[in-house]
Amino acid sequence: MRIFVTGSAGFIGFHLARRLLADGHTVVGFDGMTNYYDIRLKQKRHQILEQNENFRAHIGMLEDKDALARAVGDCKPDTIVHLAAQAGVRYSLENPQAYVSANLVGTFNVLEQARENSVKHFLSASTSSVYGGNTLMPFAETHLTDAPMTLYAATKKAGEAMSHSYAHLWKIPTTCFRFFTVYGPWGRPDMALFKFVKAIENDEPIDVYGEGEMGRDFTYIDDLVEGIVRLMECVPQEGKPVQGEGVVDSLSPVAPWRVVNIAGGQPINLMSFIETIEKCLGKTAHKNIMPMQKGDVRETFAQEKLLSALTGFTPNIGVEEGVAAFVDWYRSDYVTL
């Protein structure tokens, strides 16, 4: 299969592309190589992918519709997986324009390519942040997402809505997946795990927000990729919802479109997560206990039944295994970049 992956030099895009290549697919990647974080990480990820003859990379911004069209034309894809975005909840408070540009204009351009190339399946990344001020737990795909607490969340919700309109108007089978605190080797330096490991290794204090009482449904990168790969085969069909005990499908009544949580439904307390990091590092963190940051939510907790019903899979790699893998990568690979 020919698969076009946006954000191929990013954390998730890199791991997904590597898995797809290992499975024998042809992958064309597209990435803007922005300097939001250490660009050496992005360059190294692409270098690893380019060791496979079935991978080709195009460098360009999503907002450049001509560059994007050339890259998609090089692929002639059966499937598009749209992962590229301006990420980061907190950065959206500092540079909101970047989110409007990449996540709205960029996503529109990718949707146009999906339409013009009549792809068989369009898959797009969303986030648990769209649940925002929702107080119902666990978060189910059919819950309202009308109270986003950051511009980042608002732009990702808008991306879901835009993709639904395209699925309805042009009958493009579409799956949006909501990610929950993804972590693992080759992760982003702005994420909590990366920050904590780096600070503790250097005997520097860590900032623990929400007085350490926040909970997150941590998802290890290999589990996330497995979920995406399996969902690629679950092409939505209008009027054909999935059946299962206790399962409520998010399939649209007017389009071949659905949204799916990818998470294990096992939230972990932040202080417990830090204790796991300390154990893996063999060092104790110096903690600055801080109040909640603007835009943060107290807990994320996924309802995982729809993913399981569709794919027969539920993320199950525990934080002990996942954090240990990250620490091994950090000490062996990242510090030598």
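The values are calculated or read from the model by the stated rules, or taken from the named source; none is laboratory data. In this text the structure is predicted, and so the values were computed from the model without any measurement. We place every Cβ from the backbone using ideal geometry, glycine too, and count neighbours over all the protein chains shown. To get the accessible areas, we keep the full protein, side chains included, count just its heavy atoms, and leave off ligands, DNA and RNA. Shrake-Rupley method; radii C 1.70, N 1.55, O 1.52, S 1.80 Å.
Structure values in brief
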{"item": "Apportionment of accessible area to carbon and sulfur, the chain, percent (1.4 Å)", "result": "50"}
{"item": "Net charge over other residues, Cβ less than 14 angstrom from the Cβ of Leu136 (K, R count +1; D, E count -1)", "result": "-2"}
{"item": "Long pairs among Lys65/Lys156; Lys157/Lys279; Lys171/Lys294; Lys120/Lys157, criterion Cα-Cα beyond 28 Å", "result": "Lys157/Lys279; Lys171/Lys294"}
{"item": "Inter-centroid distance (Cα atoms) of region 247-308 relative to region 44-60, Å", "result": "30"}
{"item": "At least 27 Å along the helix axis (C-alpha) and Kyte average at least -0.5, DSSP helices within the chain", "result": "151-170"}
{"item": "DSSP loop GluC sites (Glu not before Pro) with at most 16 other Cβ within 10 Å: longest gap in the chain", "result": "64-212"}
{"item": "Distance-filtered residues of region 3-17 - backbone nitrogen under 11 Å, label point 7 angstrom along Asn52 Cα→Cβ", "result": "3, 14-17"}
{"item": "DSSP-defined antiparallel bridges as percent of all bridges, the chain, nearest 5", "result": "5"}
{"item": "Ala302 long-range amide H proximity, modeled H, under 5 Å", "result": "Phe139, Gly265, Gln266"}
